[in-house]
Amino acid sequence: MPLYSTACPLPINRKIFRHRASAPFSPTDLTGLALWLKADAGVTLSGADVTAWADQSGNGNNASAVGTPSLSTVSGKTFMNFAGGYFYGYELLTSAYATIMCVARFSATRDIEMIFELISGGGVASLALYRGFNLGSGYRIYNGENVSSNSLTNNNQTYLFGATVDGDQGDLFLNGNDDGDDYCGELTPEGNYYLGYYGADGDQITTEMKMAEIVIYDRPLTYPEKTQVEEYLNTKYEIY
């Protein structure tokens, strides 16, 4: 009798054909990751107050707390609460090419509600993503000139804010949708970075904001790459 026949095939070793599940996406899978902060990792506490927020990108661009920011829970997800303070870190970007994505929600509408900003040694803002400036609940990207959003955002609602700066071109996107594009100026970003604080031009304004996660790349992401990051953040925080 032959060792193999159609009537009596050899048993299949199922271990050989078992498919290995692919690893979940991480922002570190893409090149150019400059900063990755998330409220559910790398947080140093002193009692209820946050004193430091560790960069998860592997670049050591850690953020230090000023005042008394704290942690909050929103719909079972961990958010950094900026009601009592803000964060800063050292020089992060040195060219006008970047992608910024941030999961955040606001609890008040002010003239300016800063999400992310670079401030040079002369006290001048050189790159900023923020809400406000007489737009009520609209938001903007700034690199010498402002690009304004087409949409408004509500207080006490979580959004995925995004922006790309590609030289002098600025693009905004909200909850995965394109939301404005225009000339954004020709500054070369420099200086320390700030989260939840506007300190340029002699003003000192903190933001009433909760931030779950912020991801910054030192280059414009391609559309498929941008979609990967958006899907990661939306799946995690169930935004839209």
Those residues of region 41-72 which are farther than 24 Å from residue 28 by Cα, open to solvent by 50 Å² or more (accessible area, probe 1.4 Å), polar (S, T, N, Q) and in a strand (DSSP E or B), in sequence order: 46, 51
Residue match in region 213-234 (condition: surrounded by 15 or more Cβ atoms within 10 Å (Cβ to Cβ) and over 15 Å from the mean Cα position of the chain (by Cα)): no
Subset of region 181-198 (residues that are within 20 Å of residue 214 (Cα to Cα) and over 17 Å from the mean Cα position of the chain (by Cα)): 189, 190, 191, 198
Hits in region 146-159 (condition: open to solvent by less than 20 Å² (accessible area, probe 1.4 Å) and in contact with a Phe, Trp or Tyr (Cβ under 7 Å, 6 or more places away or on another chain)): 153
Region 183-212, residues that are on the phi < 0 side of the Ramachandran plot and open to solvent by 60 Å² or more (accessible area, probe 1.4 Å): 183, 186, 187, 188, 190, 203, 204, 208
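So is residue 130 farther than 20 Å from residue 32 by Cβ, among the aromatic types (Phe, Trp, Tyr) and touching a Lys or Arg at 6+ places or on another chain (Cβ under 9 Å) or not?
Numbers: farther than 20 Å from residue 32 by Cβ: yes; among the aromatic types (Phe, Trp, Tyr): yes; touching a Lys or Arg at 6+ places or on another chain (Cβ under 9 Å): yes.
The answer is yes for residue 130.
The values are calculated or read from the model by the stated rules, or taken from the named source; none is laboratory data. This is a predicted model, so every value here is computed, not measured. Virtual Cβ from ideal backbone geometry, glycine too; neighbours counted across all protein chains shown. Heads up: the accessible areas ignore ligands, DNA and RNA and are worked out on the full protein's heavy atoms, side chains in. Shrake-Rupley method; radii C 1.70, N 1.55, O 1.52, S 1.80 Å.
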